[in-house]
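In what follows, a single structure is set out as structure tokens and then discussed.
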Amino acid sequence: MKIVPKKIFFSLFLAVVFILILQRIFPYPTINTKKAQIEAISLQITQDEPNLTGPEILCYAIGGQSIIGTFSGGGNPEIDTYTWNIYGPDNSLIFTKPNAGGLFETISYTFNLRGTHRVELTVTRGLLSFPTQTLEVLVQDRPTPSLNLNYTLCENDSISLQAIDSQSPNFDIYNFAWKNANGDTLGTENLLSISQIGEYYVDIYTINSQGSIECSTSLYTQVSSSSDITVSASTDAICTNQSISLQSEPETLGNWYLKKAGESTENLIGTGSEINIHSNTLTSGYGDYEVIFEVITEDSSGCQILVSAPFTYNQIPDFKILDPIGASDCNANDGGVTIEAITPIDYIYVEETTFQTPPLAPGDQYTIPGLVSGAYQLIAVLGNCGNSYGAIVPIIDLPPDLEFTITDQIGETCTTDGKLDGSFKVNLTNGPMDGYYKILGEKGELIQQESFTGQSTIDVQIRGGSFIFELNNLDSCSFPAKQPIEIPSKGLVNYSIPKSLAICQTFDLYPQTNQALEFELIDPNNNSQTILAGDFFTITEDGEYKMIGRLPEQSDFCPVSKIFNVTLVDPVEFEVVQTEEDCLGNKTYKAEIYDRDSTAVIFTWYNNDGDIVGTNQYLNPIGTGTFKLDVQPANSSSCPNPPLEFEITDPVLSVDATLTSTKLCEFGPEAIVNLETTFPEAVTDVRWRRFDEDGEIIELSEYDDLWEITTRIGGTYEASVYSIIPAINKNCELGRSSIQLNLVPDKVLFDIPSEISVCQSFALIPETEDGLNFFVTSPSGEILEGVSGDSFILDQEGTYTFLAFDQDSPTPFCPEQKEIVVTLVEPVIFNPVLSEAFCDGSRIYQAELENYSPDDVLFTWRDSNGGIIGEEEFLTLPGAGTYSLEVQPKNSEACPYLPKEFTEDPPIFEVEVSLDPEPLCPDADSAIITLNTDLDQVTSIEWWFTDLNGNQTQLTNFNDQTEILAIEEGTYEARAFNFIPCLVGTDQVIILRSQDDVRPIVEESYQICPRYEIGPNIDPGDFASYEWYFEGQLVSENPIFKPQQVGNYQLVVYSLEGCAYEATFSTLEECELKVVFPTALTPNNPDKPFLIYTNYLVDELELWIFNQWGELIFHCKNTDLINEESTCVWDGTFNGEKVPNGAYSFRVNYRNIEKNIQEEYLGSLLVVE
């Protein structure tokens, strides 16, 4: 490290300068204090000296374009400030951080220029500045590795391992340390020669001037023996359209060669650790091949390692079927099939049998014997390749039930979205039968097998192609058709679409085809749309879709329908979030995708020029401007939302800070210290501290984050500004400034007493000749404001603080502050009360006190004109009128309440008194006597009684009552007194018992008919008033009452003397007109006559009695009936003679006159002698 030398005498010089400055700032310390300050400053200067440290060589990561270097300045971060400058290889300033606080004792800088840089640091401590220190830093690429991951060692040979390319920049500064797997050191050069297999490690590094390792790189390799290398193959034989894979083990780099058996040429087919060979690359045709792997051993000259693996390329075996040999009968195994080999064949076997032919050469014919009639699959095998055909064995003696013909062979047909299978009909010649059939394909594979019952025809649906048909009865007798059944087939159009789609909001689907097709798309809602080849469908919904491809205006190729599923993928909701920013302006941004999986999305960051600068979730941008972020779901079509733009601005690494202040006064206004900076929007936090006269640092945390503070304390104030953003892990000091505050001694003038005693409140006016503004703080903390000449209400006990400011601004005078101690006394609780009064009209009043003794107060009695008429506790009034009383505590300001007024009216010695008696009724125990008078003027009442013999007594049990009960006959007197007491009125009354014996007369019950409003009119007699009650409710006050309700009644009547009398009765309901009479009589028998009874409703009645010949023999009429009394009595005679025995008819007419109700009754009467 290259450091500019420091001179000792310079540090001492700075110490002296610093001491002199402190003496100017703090001019008042004592000699001992100065000595202590000098010793403290000298100690601080000699301790914690700045020391620039950091890397001298920085190497980029392999393929990298930048690297971060970290540098420290030492010193005392609590009090030092640091100025950093970094110069590039061309000596241009590429980074600066002036006057930074303790947070910048260490900085990190991202270097992206190759070459030698210069880092400079200047540290200041207060007003001291330490010499600038310099460190040179070499920035270069990391050395280029030359060490492979794997090496192969031949037998007893040795190989040379090379760590890095000798052409790497500054190759000579690197050191090497080779070690084996056990950690043994093997060498310290770039090259290492070894002769043993195993794992080898090498560290490449540089050593700086302090002896520390820098620019370190570690490499590793595996050295294997050539005898350990093998080649593994996926198979040992392949057929046409097949492939074989080969791989070196362990994985080793080498050349691959291919040689066919019998040939000498080895053809190079590839280089690497593995290879794949397809049959279509084997141009030498079928046969045996050898694959040769040659290990590349450039590090070991003369060492050749060859490993081989054989395989066979077989052709597909082929043969043809000649005429079959029929079986003689059902289930006779004397049939057969003759075949002729076209290619070499290892063997042919018959499916579902154990028969197998010997090997056959091309042209060989072979008859497969022992077969029963039926259809067979013959399978030929050559190596691992196979081929097959279908063959038949007919029946010579065919059972009748197996005879059939094939008709109606119909080929495949096209539909709107595909094609339908073809068909043919099997006609059973000899009628219905039970059995089953089998259909084999051209290669002999089973296509269909179905059973049937009682059928004479069989309809078969089948795809297009050539088929063998075999019919079987229930006796297991099989008969195949002699000729193949040909079903014409239809071609299908050809196109391709994905089997499934994951789309974001919308997707344009282009069906891929080389035909002029028409496409129809049916969406999940069964809506259809059509396009031509080359056009596209826009898909916006998820679900199952159906696509139909058609070739219009032709019938050779049928449509093809395909089903595919669409999954809608939600667009990625994202935003750009800054997550990191260091103090050098390096930033990290994050694509915030919330709950989405980051592995399921694709990130693309663009810079201001539109270049892609990142594909991860995080971005460390280089440069500023408008950047963009696009986040799309992976495994899906792109969402149509545009990239999100965001601004990356130049970082604010430092600001210029300035402090200004108003004057500092003892009592305020407090000095206002204001902080201003450049780029204030970059400042998030503000920290304040003060240096006192002893040089101690006092952290002022109460002022955190304030741009303006107020203070009453002198000293040196320092403000530091920061950019602290925890969300992005940023904590950087941007700048600082300091200012000195001294106290101003001159103050404004005013005067107030130091203490005062007041009752409840007092208005105090401060004395001053100046125009001042006052701020008065009460003991409760309330602040009152006013100006010179204003009064301030003192109504709390305690200390009031008066703070006065000069109204002129600016002013050379500081505010003055004075205090006044207020003592509160209780207001006097008093009332003027009448103490004594006399019947001659004179009055004595007293000042009644609750919370003071008479000796501690001052009395003031005044008349209506305000004249003082007394100053003692008691006062004899000169007469009626309005007076007032004021009582104030002694030795205090007067209480702020008004005198209490009272009025003394002229005395009253006579009031009207009258007695109102009730009668003493015959049945009553007593009578009430009521006193009527002005009770406001009456304080007490006496009652006196004089009996009929003249004896007088006081009724003391009735004292002060206005209503009494008179029990005895005699004279009752009431006497009224006022409050003195003086007699002011009297009255008397004579009480005699009433002799009235008249009472109300009513019956015990009455019959009424509410329905017809019929009832009696009840007259109880002659009284002064009446009250008729039904079931407790007053219903009438008339003298005569007609009840209309059924129930209980009460009558109360009052006599002329006022006595009340009571009677009760009830009512019964009766609403029918009734007549009652006997049904027989004895003539002239007074005990058994004929007569008629009626109820109260019948007012009139008329009777007719007739003999057997209709002659009227008796007639009676009554128009004034009495309730329930008999009427129309007949003794059974006519013209004075008894009527003969027998039955006589009669008629009765009766009516109610009030309601005009009339009724008639016809009956018979028996006369018996």
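Read-outs throughout are calculated quantities, based only on the coordinates presented, and are distinct from any laboratory measurement. Every value quoted in this text rests on a predicted model; they were computed, and no experiment measured them. Using ideal geometry, Cβ is built from the backbone for each residue, glycine included, and neighbour counts are taken over all protein chains shown.
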Give me the dipole magnitude in Debye, nearest 20, for the stretch 319-491 about the Cα centre, with unit charges on the beta carbon: positive for Lys and Arg, negative for Asp and Glu.
420 debye
May I ask you to list the trypsin sites (Lys or Arg not before Pro) in the stretch 930-1030 that are in a DSSP loop and have at most 16 other Cβ atoms within 10 Å of their Cβ?
ARG1011
Hydrodynamic radius by Kirkwood, which averages 1/r over all alpha carbon pairs of the stretch 914-991, in angstrom
12.8 Å
Specify, per residue and in Å³, the volume enclosed by the convex hull of the alpha carbon atoms belonging to the stretch 1075-1167.
87 Å³
Listed residues ILE1153, PHE1090, GLN1108: farthest to the positive end of the dipole of the stretch 1075-1167 (Cβ charges)
GLN1108
Unsatisfied cross-links (Cα-Cα over 22 Å) in the set LYS259/LYS320; LYS747/LYS818; LYS425/LYS482; LYS587/LYS628; LYS97/LYS590; LYS1074/LYS1138
LYS259/LYS320; LYS97/LYS590; LYS1074/LYS1138
Crossing angle, helix 31-46 versus the chain [Cα axis fit, 0-90 degrees, rounded to tens]:
30 degrees
Rounded to the nearest 500, the 222 nm mean residue ellipticity computed for the chain from DSSP H runs (n ≥ 4, each -39500 (n - 2.57)) alone is -1000 deg cm²/dmol
Paramagnetic reach from GLN515 in the stretch 527-541 [backbone N under 15 Å; point 7 Å along Cα→Cβ]:
532-534
With N set to the residue count of the stretch 97-222, report its C-alpha Rg divided by 2.2 N^0.38 Å to two decimal places.
1.52
Assigned charges on the beta-carbon of Lys, Arg, Asp, Glu; the stretch 946-1084 dipole about Cα centre (debye):
220 debye
What's the extension gain from GLU442 to ASP916 if we count 0.36 nm per residue and subtract their Cα-Cα distance?
156.1 nm
Loop-resident sites, the stretch 448-553, for trypsin sites (Lys or Arg not before Pro), counting at most 14 other Cβ within 10 Å (DSSP):
LYS482, LYS499
Any chymotrypsin sites (Phe, Trp or Tyr not before Pro) in the stretch 541-629 that lie in a DSSP loop and have at most 15 other Cβ atoms within 10 Å would be TYR594
Rg and Dmax in Å for the stretch 706-788, alpha carbons only: what are they?
22.3, 64
Taking a cut-off of 26 Å between Cα atoms, list the lysines near LYS546, but don't count ones fewer than 8 places away on the same chain.
LYS419, LYS490, LYS499, LYS562
The summed charge of the ARG550 Cβ neighbourhood (under 12 Å; Lys/Arg +1, Asp/Glu -1) stands at -3
Sorting SER701, ASN76, THR297 by the position of each Cα along the dipole of the chain (Lys, Arg +1; Asp, Glu -1; all at Cβ), the one nearest the positive end of that ordering is THR297
Spatially proximal aspartates and glutamates relative to LYS1088 (Cα-Cα < 12 Å; intrachain offsets below 8 disregarded):
ASP1131, GLU1169
About the Cα centre, charge dipole magnitude for the chain (Lys/Arg +1, Asp/Glu -1 at Cβ), debye:
6760 debye
The helix 8-25 Cα axis meets the longest alpha-carbon principal axis of the chain at an angle in degrees, between 0 and 90 and rounded to 10, of 20 degrees
May I ask for log10 I(q)/I(0) of the stretch 357-493 at q = 0.10, 0.14, 0.20 Å⁻¹, from a Debye sum over the Cα atoms as equal point scatterers with solvent left out?
-0.40, -0.73, -1.18
In whole Å, what are the Cα extents of the stretch 150-225 along the three principal axes, biggest one first?
45, 28, 15
Env charge @ GLY668, Cβ radius under 13 Å, K,R +1 / D,E -1, value -1
Say the dipole of the chain comes from +1 at the beta carbon of Lys and Arg and -1 at that of Asp and Glu; which of LEU1056, GLY1136, ASN148 then lies farthest toward its positive end?
ASN148
Stretched fully, the stretch from THR110 through ILE62 gains (0.36 nm per residue minus C-alpha distance, one decimal, in nm) 15.7 nm
Report the Rg/Rh value for the chain, based on alpha-carbon coordinates and the Kirkwood definition of Rh.
1.33
For the stretch 492-568, just the Cα set please: Rg and Dmax, both in angstrom.
12.2, 39
Long-range HN-HN contacts of LEU920 with modeled amide H, under 5 Å
LEU992, SER994
